[in-house]
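Just so it is clear, none of the values below were taken in a lab; they were calculated from the coordinates. If you're wondering where the values come from, they're calculated on a predicted model, not measured in any experiment. Here Cβ is always computed from backbone atoms with ideal geometry, including for glycine, and neighbour counts include all displayed protein chains.
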Amino acid sequence: MVKKYHDGETKEQRKARKLKEKQKKPVTSSAAPIMKPHGHKDKYVVCLKYGNKYDAAYVNNLYNMVKRNCTLDYEFVCFTEDTTGIDEEIRTEPIPNIPNMQGAIGWWYKPMFFNKKFPLRGTLLYFDLDVIVFRNIDNLFTHKPGEFLICRDFNRFMIKNYQKFNSSVFRIDTGQHSNVYDEFVRNPATPIRRYHGDQDWIRASIKKDFDYWPDKWIQSYKWEMRGKPRMTGTRGKRDFETPGDPKILDETSVAVFHGDPNPHYCKDLWVRENWK
């Protein structure tokens, strides 16, 4: 028989001891894990890591860059199917299941952020992993509150008044433009086959009630900041032929690395100093 009282222990002392022992006892459950509680924040910085194009360093560096350059109360959440190497302090969540997505390139999971039943409720500020955040980005949350905001595609560098989307950085309130998700999940194979990428699908689905970020706030690193210099190397691993310094406008806070080079291949000193 288990002894209920210790020698010389009063009834009150026993109650205090049993309470302390209960608090130390590990809680176990056979139930499936559930998403961490949400709703305690109304601002989220979110990213998507799928497949092996970008490793955990991209998530960790994005987290660090945002932490250095945002003073508002937000939570950083990475949606991924592989948490290997991601810093423990970063909240990770599984990518919600979208049927018939076998073999799809990772960016085709972005429509999930338009799901009106998305598990995070509030304002979502999305970043691609291949960006450098180097100045304060509070304005990306506070500018035109309630509006869906997205980059004007960087072909604007060569084509005046270019009106397509670039989805490297966008902001959305939960449930906004839910047709982007609803129409996509009906048969993902159709838009995947018809459109080059998620941003073309988003553009085709959103005709009104949106605005572009000011062009100067978010810039193409290789075109607008580096002036489209010559490149060398094989596709996917190309870098600028000669390292150089970017032209940085006073208003710019985010550099986008679309195509080549990726930040970890770029030998520019400015990139090495800021992508961390």
Above 21 angstrom, tally the Cα pairs of segment 164-250 and express them as a % of all pairs, no decimals. 51 percent
Within segment 169-206, what residues put their amide N at less than 19 Å from the label point 7 Å along the Cα-to-Cβ vector of Arg121? 172-178
Which of the listed residues, Leu62, Ser205, Val45, is farthest toward the dipole's positive end in segment 43-216, when Lys, Arg count +1 and Asp, Glu count -1 at the beta-carbon? Ser205
Across segment 228-235, in residue order, what do the Karplus-derived ³J(HN,Hα) couplings come to in whole Hz, using 6.51 cos²θ - 1.76 cosθ + 1.60 with θ = phi - 60° and x for Gly and Pro? 6, x, 5, 10, 9, x, 8, 4
Hey, got the Cα dimensions of segment 43-216 along the principal axes, in Å, largest first? 38, 37, 31
Just name one of Val77, Thr190, Leu129: the one whose Cα is farthest towards the positive end of the charge dipole of segment 43-216 (beta-carbon charges, Lys/Arg +1, Asp/Glu -1). Thr190
Quick one: give the max-minus-min coordinate of the C-alpha atoms of segment 116-228 along each principal axis, largest first, in Å. 41, 31, 25
I'd like the Kirkwood hydrodynamic radius of segment 69-143, using the inverse of the mean 1/r over distinct C-alpha pairs, in Å. 14.5 Å
May I ask you to derive the relative contact order of segment 146-276, considering only C-alpha pairs under 8 Å and at least 6 residues apart, and to give it as an integer percent? 22 percent
Would you kindly derive the ³J(HN,Hα) couplings of segment 256-268 from the backbone phi angles with the Karplus curve 6.51 cos²θ - 1.76 cosθ + 1.60 (θ = phi - 60°), listing them in order in whole Hz, with x for Gly and Pro? 9, 10, 6, x, 9, x, 7, x, 6, 9, 6, 8, 4
Can you give me the distance in nm between label points at Met158 and Lys207, each placed 7 Å from the Cα along the Cα-to-Cβ direction? 2.9 nm
